[in-house]
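Engineer: Once you've had a glance at the structure underneath, I'll fire off some questions.
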Amino acid sequence: MHNPIIAILAAGVAGWLFGAVWYTSLGKVWQRALGLNPDDCKDKKMPMTPLVVAFLAAVVMSAVLYQLLTNLGVTGLAPSALAGLTIGVGFLLTSTLVNNLFQQKSLMLTVIDGAHWVLAVVVEAVVIALLA
């Protein structure tokens, strides 16, 4: 029997690590999209509180995703990835888009953040499918 706690924790770690790689690789573009000057940010220390909260949020998201996939009877890699994509686009990308429009944020910020959330949920769903 598979352990759901292990699947949830592993999916949370995978989603969080994906975000770390995503924002590290797009850091300067993301900073510009926020209206920041990357040169002004390069000597600043990374704040720990958002990193810890992001990790905890990834674990919570994985737990909810595990519950959704289980209750819907979604099994297998491709169906789980498709479910993650659907949830990511249907809930996370749309929420990011609406928030950023009302906050008058740039379209590039919406693309970067929205794509991150969609892909993070796909990664988490795939890990859950592999381990659950």
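The values are calculated or read from the model by the stated rules, or taken from the named source; none is laboratory data. Note that this is a predicted model, so its numbers are computed, not measured. Cβ: placed from backbone, ideal geometry, glycine included. Neighbour counts: every protein chain shown. Remember, those area values only see protein heavy atoms, side chains included, never the ligands or the DNA or RNA. Shrake-Rupley method; radii C 1.70, N 1.55, O 1.52, S 1.80 Å.
Engineer: What's the total number of residues in the stretch 90-114 that are assigned to a helix (DSSP H, G or I) and crowded, with 16+ Cβ neighbours inside 10 Å? Before you say what the answer is, go through the steps one by one.
Structural biologist: Here is the first cut: in the stretch 90-114, the ones assigned to a helix (DSSP H, G or I) are 90-102, 107-114.
Cutting the leftovers down to crowded, with 16+ Cβ neighbours inside 10 Å gives us 92-93, 96-97, 100, 109-114.
Result for the stretch 90-114: 11.
Engineer: Going residue by residue through the stretch 56-68, is there one that turns out to be open to solvent by less than 40 Å² (accessible area, probe 1.4 Å), more than 14 Å from VAL121 (Cα to Cα) and in contact with a helix residue (DSSP H, G or I) (Cβ under 9 Å, 6 or more places away or on another chain)?
Structural biologist: There is no residue in the stretch 56-68 that is open to solvent by less than 40 Å² (accessible area, probe 1.4 Å), more than 14 Å from VAL121 (Cα to Cα) and in contact with a helix residue (DSSP H, G or I) (Cβ under 9 Å, 6 or more places away or on another chain).
Engineer: Let me ask something additional. Which of the residues that make up the stretch 79-95 are among the hydroxyl-bearing types (Ser, Thr, Tyr) and either over 11 Å from ALA129 (Cβ atoms) or touching a Gly at 6+ places or on another chain (Cβ under 8 Å) (or both)? Talk me through it step by step, then tell me what you get.
Structural biologist: Taking the stretch 79-95 and keeping what is among the hydroxyl-bearing types (Ser, Thr, Tyr), we get 80, 86, 94-95.
Selection gives THR86, THR94, SER95.
Engineer: Only one of (1) in contact (Cβ under 8 Å) with a residue 60 or more places away in the chain; (2) open to solvent by 40 Å² or more (accessible area, probe 1.4 Å) fails for SER25. Which number is that?
Structural biologist: Of the numbered conditions (1) in contact (Cβ under 8 Å) with a residue 60 or more places away in the chain; (2) open to solvent by 40 Å² or more (accessible area, probe 1.4 Å), the odd one out for SER25 is (1).
Engineer: Right, another one. Criterion first (at pLDDT 95 or above, among the aliphatic types (A, V, I, L, M) and surrounded by 12 or more Cβ atoms within 10 Å (Cβ to Cβ)) does LEU130 satisfy it? Can you show your working first?
Structural biologist: Numbers: at pLDDT 95 or above: yes; among the aliphatic types (A, V, I, L, M): yes; surrounded by 12 or more Cβ atoms within 10 Å (Cβ to Cβ): yes.
It is true that LEU130 is at pLDDT 95 or above, among the aliphatic types (A, V, I, L, M) and surrounded by 12 or more Cβ atoms within 10 Å (Cβ to Cβ).
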